[in-house]
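S.K.: Next up is a structure, given as C-alpha cells.
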Amino acid sequence: MGGGAVRQHQTAQLPLIQPISPSAPRPIVLDERLRGTRFVSLTPKRVLNPPSATGMDYWSLNPYVGCEFGCSYCYARYTHRYVVERAHDAGKLTDAEFVDYRGAHGWEAFEKRIFVKEQVVGALDSDLKRVPLGETIVIGTATDPYQPAERRFRVTRAVLQRLTYCEGLSFGIITKSPLIVRDADLLVRLQERNELQVHVSLITVDASLARRLEPRSPVPATRLRGLRKLVDAGVNAGLIVAPVLPGITDAVAQLDALFAAAKHAGARFVHAGPLRLYPAIRDRFLPVLGEHFPELVPKYQRAYAGHGYAPRDYAKALSRRVERLRRKHGFRNESAMYDRYRSQMPVQGELELRGSLP
C-alpha cells in the first residue's frame, strides 16, 4: 500500500457499467462474521512498501488490509480505500463490489471488509532481496498484524517465520493485541541476529475511556499483561502511546499513570506522539468526539484546519512532557526507531488546549 495521494471517488459519479477485465479473478470470501465482517483473499505480488513509496524512513509490511479493531482515531483508513479504488480502476471489482468494499463515505469498510494477504512468503522472499543490510522493516503500520483474523489465518506468523532467517536488519512490530505472545518463540529468534522492538499500543489505562475510543480493542490490562509476558520471554518490548489525544489523554496525571503501568509491566521503552487527523479520518473521529467530548469539537476543527498534524507548539510541548515522564520512570529509549516524527508540521492553528500542556 503506497503512501500516494488518494483520489476522491464519489459513488454517485460512477458510470452505470464499469468494464470488468475478463481475466480478473473475482473476490474470494474466506470467512464472514455474524456482525457482518467479511474476510477476502488478496494475493499480492509485493508485500514490502519501500521508503520511496511511503515517505517514511523505513520499509513497512501489513499482513492485512483493514482492521477489525476499527479504532475511531486510526490514521490508516485511507490505505484501505486506496487498495479498493485501485482494484476498481483495474477492473477487478464491479461497481456494486466497489461500493460494498469501500463504504458509502470511503471509510466504513475499513473494519468490515478485511483483505487477507495469502501466499505472502513467496512475495516476501522476492521483496527482501531489495532491502539493504541495516535497513528497518516495521510490521503493522497501517493495520494491526495481530487483529482477531490472525488467530485463523496466521499470516503474521508466516511472515515472522520467514524473517527469522534474516540477519543484520532492524524490525519493529506495532500491535494492540496480546495475541502476539503466541509468537514469542519467533520473536526471540528474530532478535538473535537482528534489532527488534515490539511496540504494544496503548493510549490510556482507563478502560472506560478506551472503550469509548476503540470499542473492539483488547482492554488495557490485557495488553499490559501481554507486554509483561513478552518481556519475561526475553523479547525487547515496550509501549507506544500513539496517538496522544489533545484534551483527552494528554494530562500529566493520565500520562504519568500510563508510564507507571508500562514500567510495572517491564517495558524497555516508551514512545509517544500526537494525533494525526487526516481528512479520511475526520468523518470517523469527529462524530465520536462530538458524542463524548462535544466541547472539544470546535477546538479540533480549528487546530487541524487544512492539515493533518497537530500544531507545532503543541507537539513540542507534548514532547517535553513525555521526555520528563520518561526520565521520571527510568526509560532511556536508547533506540529512537519511532521518535522520527517529522519536523515539518504546520505552524498555523493553536490547539487551544494549552491548559493541559506546559
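The values are calculated or read from the model by the stated rules, or taken from the named source; none is laboratory data. For clarity, every value in this text was computed on a predicted model and none was experimentally measured. In this analysis, Cβ positions are derived from the backbone assuming ideal geometry, glycine residues included, and neighbour counts consider all displayed protein chains. Surface areas here come from the heavy atoms of the whole protein model, side chains and all, with no ligands, DNA or RNA. Shrake-Rupley method; radii C 1.70, N 1.55, O 1.52, S 1.80 Å.
S.K.: Can you give me the ranges of the helices (runs of 4 or more DSSP H) entirely in the range 164-249 with at least 3 residues that are over 26 Å from Pro132 (Cα atoms)? Steps first, please.
M.R.: Numbers: elements: 184-190, 207-213, 220-232.
Ranges flagged: 207-213, 220-232.
S.K.: Please go through (1) open to solvent by 10 Å² or more (accessible area, probe 1.4 Å); (2) at pLDDT 95 or above; (3) not basic (Lys, Arg) for Pro215 and return the number of the only condition it doesn't satisfy.
M.R.: Against the list (1) open to solvent by 10 Å² or more (accessible area, probe 1.4 Å); (2) at pLDDT 95 or above; (3) not basic (Lys, Arg), Pro215 comes up short only on (2).
S.K.: While we're looking at this one, here's another question. Specify the residue that is modelled with the lowest pLDDT; the eligible residues are those in the range 28-52 that are open to solvent by less than 40 Å² (accessible area, probe 1.4 Å) and outside any strand (DSSP E or B).
M.R.: Looking at the filtered set, the residue picked out is Gly36.
S.K.: With the requirement that a residue be buried (at least 16 other Cβ atoms within 10 Å of the Cβ) and over 21 Å from Arg211 (Cα atoms), what does the range 280-299 give you?
M.R.: Within the range 280-299, Ala280, Lys299 meet the criteria.
S.K.: In the range 250-276, how many are in a helix (DSSP H, G or I), within 25 Å of Pro311 (Cβ to Cβ) and open to solvent by 10 Å² or more (accessible area, probe 1.4 Å)? Step through it out loud before you land on a result.
M.R.: At the first step, the residues of the range 250-276 found to be in a helix (DSSP H, G or I) are 252-264.
Filter once more, keeping what is within 25 Å of Pro311 (Cβ to Cβ): 252-256, 258-259.
Filter once more, keeping what is open to solvent by 10 Å² or more (accessible area, probe 1.4 Å): 252-254, 256.
Matching residues across the range 250-276 total 4.
S.K.: Only one residue in Lys328, Lys299, Lys316 is modelled with pLDDT of 95 or more, among the basic types (Lys, Arg) and under 23 Å from the mean Cα position of the chain (by Cα). Which one?
M.R.: Numbers: Lys328 fails: under 23 Å from the mean Cα position of the chain (by Cα); Lys299 fails: under 23 Å from the mean Cα position of the chain (by Cα).
The match here is Lys316.
S.K.: Checking Ser72 against (1) under 29 Å from Leu286 (Cβ atoms); (2) of a type in the set (Ser, Thr, Tyr); (3) surrounded by 19 or more Cβ atoms within 10 Å (Cβ to Cβ), only one condition comes out false. Which one?
M.R.: (3)
S.K.: If you don't mind, another one. If you go through the range 120-127 one residue at a time, do you hit one that is without any contact (Cβ under 8 Å) to a residue 40 or more places away in the chain and not polar (S, T, N, Q)? So that I can check it myself, show each step before the final result.
M.R.: Here is the first cut: in the range 120-127, the ones without any contact (Cβ under 8 Å) to a residue 40 or more places away in the chain are 122, 125.
Those left that are additionally not polar (S, T, N, Q): 122, 125.
Looking for residues that are without any contact (Cβ under 8 Å) to a residue 40 or more places away in the chain and not polar (S, T, N, Q), one finds at least one in the range 120-127, hence yes.
S.K.: Filter the range 178-200 down to the residues that are open to solvent by less than 10 Å² (accessible area, probe 1.4 Å) and either under 18 Å from Arg151 (Cβ atoms) or of a type in the set (Val, Ile, Thr) (or both) and list them by number. Working first, answer last.
M.R.: We begin by selecting, within the range 178-200, every residue open to solvent by less than 10 Å² (accessible area, probe 1.4 Å); these are 180, 183, 186-187, 190, 196-200.
Within the range 178-200, Ile180, Asp183, Leu186, Leu187, Val198, Val200 qualify.
S.K.: Could you list, in sequence order, all residues of the range 75-103 that are without any contact (Cβ under 8 Å) to a residue 40 or more places away in the chain, surrounded by fewer than 19 Cβ atoms within 10 Å (Cβ to Cβ) and among the aliphatic types (A, V, I, L, M)?
M.R.: Scanning the range 75-103 gives a single hit, Ala96.
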